[in-house]
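The values are calculated or read from the model by the stated rules, or taken from the named source; none is laboratory data. These figures come from a predicted structure and were not determined experimentally. Neighbour counts are summed over all protein chains in view; Cβ atoms, including those assigned to glycine, are modelled from backbone coordinates with ideal geometry. Areas reflect the complete protein model, heavy atoms only, side chains present, ligands, DNA and RNA absent. Shrake-Rupley method; radii C 1.70, N 1.55, O 1.52, S 1.80 Å.
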Amino acid sequence: MHELSIVEALIGQVEAEVERAGARGQVARLKLSIGRLSGVNADAVRFAFELLTPGTRLAGAELEIDEPKAVCLCAACGARTEIEELSLGCPACQSGDITIDGGREMLLETIDVDEFDR
Ligand SMILES: [Zn+2]
C-alpha cells in the first residue's frame, strides 16, 4: 500500500507548513484533492492517516478528501466528457485522438490550525 508513504510525506509537509506559518496549535482540518486517475486510493489514505497521525500535530484532525474527475477532450468530435477512469478513446465517438485533462494530481488544498487547543 503506497498510500502509507504518501501520507507519511504529507504529514511531514503539513508539519513543515504549520511550523513555517508560526502556528502553535494542532491541525484541526485538512483538505486534500486526489484526482481519480492519480492511482491514489482515498480510502487507503484515510486509513493511513488514522494510523500515522497519533503523536503528530495532525492527531485527531478532520480529513476531507476531494476526488476530482478527469476530463476527456476529443479532437475529432469536440466532446468534453468527464471520466472516472483512464480511457483510450472518446466516450462519444470512440476516436483515439483525445487529451486527458486533470485527475492525476494530488494536492494539499487547505490546512486549518486550531490555535486555541494547546
Ligand atoms: Zn469524440
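At-a-glance table
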item	result
Residue, least open to solvent (accessible area, probe 1.4 Å), within segment 24-46, restricted to residues that are of a type in the set (A, V, I, L, M, F, W, C) and touching a Lys or Arg at 6+ places or on another chain (Cβ under 9 Å)	27
Filtered residue count, segment 65-94, keeping only those that are under 30 Å from residue 23 (Cβ atoms) and either surrounded by 13 or more Cβ atoms within 10 Å (Cβ to Cβ) or within 16 Å of the ligand (Cβ to nearest atom) (or both)	3
Tabulated pairs, segment 95-109, first more than 30 Å from residue 9 (Cβ to Cβ) and open to solvent by 80 Å² or more (accessible area, probe 1.4 Å), second within 16 Å of the ligand (Cβ to nearest atom) and modelled with pLDDT of 95 or more, C-beta under 6 angstrom, 6+ apart or interchain	97/75; 97/76
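Residue by residue, here is whether (1) over 17 Å from residue 108 (Cα atoms); (2) under 13 Å from the mean Cα position of the chain (by Cα) holds:
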site	(1), (2)
13	no, no
16	no, no
30	no, yes
37	no, yes
65	no, yes
76	yes, no
85	yes, no
